[in-house]
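Just below is one structure, and these are the notes that go with it.
The values are calculated or read from the model by the stated rules, or taken from the named source; none is laboratory data. In this text the structure is predicted, and so the values were computed from the model without any measurement. Cβ: placed from backbone, ideal geometry, glycine included. Neighbour counts: every protein chain shown.
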């Protein structure tokens, strides 16, 4: 059974991400995978502040929350990055989490699912670009969930369209 890390890339109170994560974990379970949630708000990493680049050979993490994040990524067989869209980009908390790591992303299977008024198309593009640059094995399929069309303001699916949007992305990730 593949262990798939589902990363909640929002820290907002009342966020839609929790219901989106529930949809994704339900679908992963139906596909025979073991979903594990990584809530970046709870992990609470500081802004990246290491004096050495994560791409450097001598890079080490000493920040406990970043070490916990690193362990979660390393121990997963794949990662689903859930991104909201803020001002035509991904959230700062998700970008920061991506930036704390480098070698851990190389060849790591990654899927990207976004949500927002515009389906988070720009946020998705930001995440795909960043993770591809880090040599992650990003699945070509992405999913856009739209407020008041496929999901409600709380992130809950409004019909079968949300499931239909995420299913091919997760199938591509799980294999």
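Side notes on the structure shown:
- Selected residue [crowded, with 18+ Cβ neighbours inside 10 Å and modelled with pLDDT of 95 or more] from 119, 92: 119
- Residue satisfying condition, being free of Cβ contacts under 8 Å to residues at least 24 places away in the same chain and more than 20 Å from residue 34 (Cα to Cα), within set 95, 135, 149: 149
- Residue 31 meets all of the listed conditions (1) surrounded by 12 or more Cβ atoms within 10 Å (Cβ to Cβ); (2) in contact (Cβ under 8 Å) with a residue 60 or more places away in the chain; (3) under 16 Å from the mean Cα position of the chain (by Cα) but one, namely (3).
- Test: residue 101 is touching a helix residue (DSSP H, G or I) at 6+ places or on another chain (Cβ under 7 Å), touching a residue at least 24 places away in the same chain (Cβ under 8 Å) and crowded, with 24+ Cβ neighbours inside 10 Å: no
- Only one of the numbered conditions (1) within 23 Å of residue 154 (Cβ to Cβ); (2) surrounded by fewer than 16 Cβ atoms within 10 Å (Cβ to Cβ) is violated by residue 67, and that is (1).
- Matching residues in the range 29-42 - criterion: being assigned to a helix (DSSP H, G or I) and either under 20 Å from residue 73 (Cβ atoms) or modelled with pLDDT under 95 (or both): 40, 41, 42
- Residue selected from the range 1-28 under the condition in a strand (DSSP E or B) and buried (at least 16 other Cβ atoms within 10 Å of the Cβ), by the criterion nearest to the chain's Cα centre (by Cα): 7
- Residue in the range 43-59 that is under 29 Å from residue 152 (Cα atoms), at pLDDT below 95 and surrounded by fewer than 17 Cβ atoms within 10 Å (Cβ to Cβ) present: no
- Residues in the range 122-160 that are surrounded by 14 or more Cβ atoms within 10 Å (Cβ to Cβ) and either part of a strand (DSSP E or B) or over 13 Å from the mean Cα position of the chain (by Cα) (or both): 20 in all.
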